[in-house]
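Participant: There's a structure below that I have some questions on.
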Amino acid sequence: MAQRIIAIDQSTSSTKALLFDEQCRVLARTSVDHHQYYPQTGWVEHDVEEIYNNMVEAIRQLPTAEAATYSLAITNQRETVVVWNKLTGRPIANAVVWQDTRGAELCRLLRSQGYAKRVFDKSGLLIDPNFSATGVKWLLDNVEGARDAANRGELLMGTIETWLIWKLTGGQVHATDYTNASRTMLFNIRTMQWDDDLLQLFDIPRSVLPELYPCDAVYGETTVEGVFSEPIQIAGVLGDSHGALVGQMCFAKGSGKVTYGTGSSVMVNIGEEPKPAPEGLVTSVGFSAFGKTYYGFEGNIYSTGATLKWLADQMQMVGHPADMEALATTVPDNGGVYIVPAFAGLGAPWWKSDVKGAVFGLTFATTKAHLLRAALESIAYQIKDLIDVMARATGGRLSEICADGGPTKNKFLMQFQADLLDTPVVCTEVDDASALGAAIMNGFARGLWKSFDEVTTLRKVTQVIQPQPNPQKSSLYQGWRNAVNQLIK
């Protein structure tokens, strides 16, 4: 009987459901957007009940056949955290999204009290509101009755995949995988357990935490609210950036990828030892499979695709982000305009959560095309900031960059990125590499593939963007650094 894997890619802006076959080919794809809530400056929230319902609807829209066996894999936006009452099954509030900065003051306090090294040594992370711990603490401290309910053992917490698994299994399974756990600031990447010192530091009771599993585990069973007449397995779970690392087949030490999404992630596989990351980067669990754990150096950028969406939706400069390339390429350069998209602060390698976005270099000659071009260029500049740090940490320039995500369809951006890095950019057949990574972990969990080498043979490269001579690239990048420096002084 044919094997079919439904991979859920629950991202910051939408929930996708992709149907894969045994050859890692995408047979069908659906997507349902969800709302973004901005109740105060710096706050970003999601309604996780809406997200769950959207996931069910996305799965319902996929074609299914009786002559096939189905299973479900999940990859998700990381760090976004929800707390819910296990008795009522209802969230105590909207989820605190990874872009949210309400924990910035607590982070500043902890850094000033000298906790940065302890947190870094244990979790591999910098103290920053991007990670889940501050969001959990805020909810427990500020939602009426939450702290008392948590102390009574009535509340549960989790990143989005944990919530989805709990809902899918009718409240029977409260679990997460090592990759998502490693992004909470509560997990010790050396012991591979929740860390009592970190829990005490953030005043989070152990009773709210999910159980820990490797990525290639079977998590439970579900009918997906009756979509399937018989329960199917939930197997293969990991965070979206980690999913892309697997989906790009970066199984070898030293291989790396760039995921272009709402934000962007640069991650490189550093092998089975959790080495301390160089300044500006963090160390996370890259993925865990076949009884082993592989770590990664990573840098996260908060606003890349989000910048394009902001220009389209809120500034209404174009109808859709996909329309930007045509207009941006009507001008020969950016006209001296630089956009620093610090809408939620600056992530790696700067880690300045209190910085606000800015536009530099405006003149009366500036046009809409210059602004759109500057927005696209800002993505490439931010990626270069990280790649340069990554390359130094791993011993030199990377031989290639594996790229995935929606913005990879933008030919101008991909060529500018390759030129700026002087490195080939490799795109594969599956745009949704995170979903493919979840499907691969699902296959590992169920014995469909029995080794990394076996699944690597299925990788299909669609294009390699070679760098071209660009005499302006050094001055353009220096202009970007000058703009950033004006904000982080």
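The values are calculated or read from the model by the stated rules, or taken from the named source; none is laboratory data. All figures in this text were calculated on a predicted structure; none of them were measured in a lab. Here the Cβ positions follow ideal geometry from the backbone for every residue, glycine too, while neighbour counts run over all protein chains shown. Side chains included, ligands, DNA and RNA excluded: accessible areas come from the protein's heavy atoms. Shrake-Rupley method; radii C 1.70, N 1.55, O 1.52, S 1.80 Å.
Participant: Give the number of residues within the range 271-288 that are outside any loop (DSSP other than H, G, I, E, B), crowded, with 22+ Cβ neighbours inside 10 Å and not aromatic (F, W, Y). Show your work before the answer.
Facilitator: Of the range 271-288, the ones outside any loop (DSSP other than H, G, I, E, B) are 271, 282-288.
Going one step further and asking which of them are crowded, with 22+ Cβ neighbours inside 10 Å, we end up with 282-288.
Applying the additional criterion that residues be not aromatic (F, W, Y) yields 282-286, 288.
Going through the range 271-288 one residue at a time, the tally reaches 6.
Participant: From the set of residues in the range 157-202 that are aromatic (F, W, Y) and either out of contact with any strand residue (DSSP E or B) (no Cβ under 8 Å at 6 or more places or on another chain) or open to solvent by less than 10 Å² (accessible area, probe 1.4 Å) (or both), which is farthest from Q113 (Cα to Cα)? Full working, then the answer.
Facilitator: Our first condition is that a residue be aromatic (F, W, Y); within the range 157-202, this holds for 163, 166, 178, 187, 194, 202.
The next check asks that each one be either out of contact with any strand residue (DSSP E or B) (no Cβ under 8 Å at 6 or more places or on another chain) or open to solvent by less than 10 Å² (accessible area, probe 1.4 Å) (or both); those that pass are 163, 187, 202.
Numbers: W163: 33, F187: 21, F202: 13 Å.
For the range 157-202, the residue satisfying everything is W163.
Participant: So, one more: Could you pull out the residue among G406, G395 that is within 21 Å of the chain's Cα centre (by Cα), open to solvent by 20 Å² or more (accessible area, probe 1.4 Å) and not hydroxyl-bearing (S, T, Y)? So that I can check it myself, show each step before the final result.
Facilitator: Details: G395 fails: within 21 Å of the chain's Cα centre (by Cα).
After applying the criteria, what remains is G406.
Participant: Scan the range 190-225 residue by residue and report those that are of a type in the set (A, V, I, L, M, F, W, C), assigned to a loop (DSSP other than H, G, I, E, B) and touching a residue at least 60 places away in the same chain (Cβ under 8 Å). First the steps, then the outcome.
Facilitator: Applying the first criterion (of a type in the set (A, V, I, L, M, F, W, C)) to the range 190-225 yields 192, 194, 198-199, 201-202, 204, 208-209, 212, 215, 217-218, 224.
Then keep just the ones that are assigned to a loop (DSSP other than H, G, I, E, B); that gives 192, 202, 204, 209, 215, 217, 224.
Scanning the range 190-225 gives M192, F202, I204, C215, A217, V224.
Participant: Ok, one more. Counting just the residues of the range 455-472 that are open to solvent by less than 70 Å² (accessible area, probe 1.4 Å) and farther than 30 Å from F444 by Cα, which one comes out farthest from the chain's Cα centre (by Cα)?
Facilitator: So the residue we want is N470.
Participant: Criterion first (assigned to a loop (DSSP other than H, G, I, E, B), open to solvent by 10 Å² or more (accessible area, probe 1.4 Å) and either in contact with a Leu (Cβ under 8 Å, 6 or more places away or on another chain) or among the basic types (K, R) (or both)) does R102 satisfy it?
Facilitator: Working: assigned to a loop (DSSP other than H, G, I, E, B): yes; open to solvent by 10 Å² or more (accessible area, probe 1.4 Å): yes; either in contact with a Leu (Cβ under 8 Å, 6 or more places away or on another chain) or among the basic types (K, R) (or both): yes.
So R102 passes the test.
Participant: Inspect all residues belonging to the range 327-338 and state whether any of them is open to solvent by 60 Å² or more (accessible area, probe 1.4 Å), free of Cβ contacts under 8 Å to residues at least 40 places away in the same chain and over 25 Å from Y178 (Cα atoms).
Facilitator: Yes.
Participant: Yes or no: the range 289-296 includes at least one residue that is more than 15 Å from Y178 (Cα to Cα), in contact (Cβ under 8 Å) with a residue 24 or more places away in the chain and either open to solvent by 20 Å² or more (accessible area, probe 1.4 Å) or out of contact with any Pro (no Cβ under 6 Å at 6 or more places or on another chain) (or both). Working first, answer last.
Facilitator: Restricting attention to the range 289-296, the residues satisfying the condition of being more than 15 Å from Y178 (Cα to Cα) are none.
Checked against the condition, which is being more than 15 Å from Y178 (Cα to Cα), in contact (Cβ under 8 Å) with a residue 24 or more places away in the chain and either open to solvent by 20 Å² or more (accessible area, probe 1.4 Å) or out of contact with any Pro (no Cβ under 6 Å at 6 or more places or on another chain) (or both), the range 289-296 yields no hits at all.
Participant: Exactly one condition in (1) buried (at least 17 other Cβ atoms within 10 Å of the Cβ); (2) out of contact with any Lys or Arg (no Cβ under 6 Å at 6 or more places or on another chain) is not met by E79; state its number.
Facilitator: (2)
Participant: Of all residues in the range 114-129 being in contact with a strand residue (DSSP E or B) (Cβ under 7 Å, 6 or more places away or on another chain) and not in a helix (DSSP H, G or I), which is most open to solvent (accessible area, probe 1.4 Å)?
Facilitator: Applying the first criterion (in contact with a strand residue (DSSP E or B) (Cβ under 7 Å, 6 or more places away or on another chain)) to the range 114-129 yields 122-126.
So of that shortlist, the ones also not in a helix (DSSP H, G or I) come out as 124-126.
Values: G124: 3, L125: 0, L126: 50 Å².
The selected residue is L126.
Participant: Still on this structure, please answer the following. Looking at this structure, is G236 open to solvent by 10 Å² or more (accessible area, probe 1.4 Å), small (G, A, S) and at pLDDT 90 or above? I'd like the intermediate steps shown before the answer.
Facilitator: Details: open to solvent by 10 Å² or more (accessible area, probe 1.4 Å): no; small (G, A, S): yes; at pLDDT 90 or above: yes.
So G236 fails the test.
Participant: List, please: which pairs have Cβ atoms under 6 Å, are six or more places apart or on different chains, and start with a residue in the range 121-147 that is touching a residue at least 60 places away in the same chain (Cβ under 8 Å) and end with one that is hydroxyl-bearing (S, T, Y) and in a loop (DSSP other than H, G, I, E, B)?
Facilitator: Here the result reads P129/T101; P129/S353; A133/T184, each pair linking the range 121-147 to a residue that is hydroxyl-bearing (S, T, Y) and in a loop (DSSP other than H, G, I, E, B).
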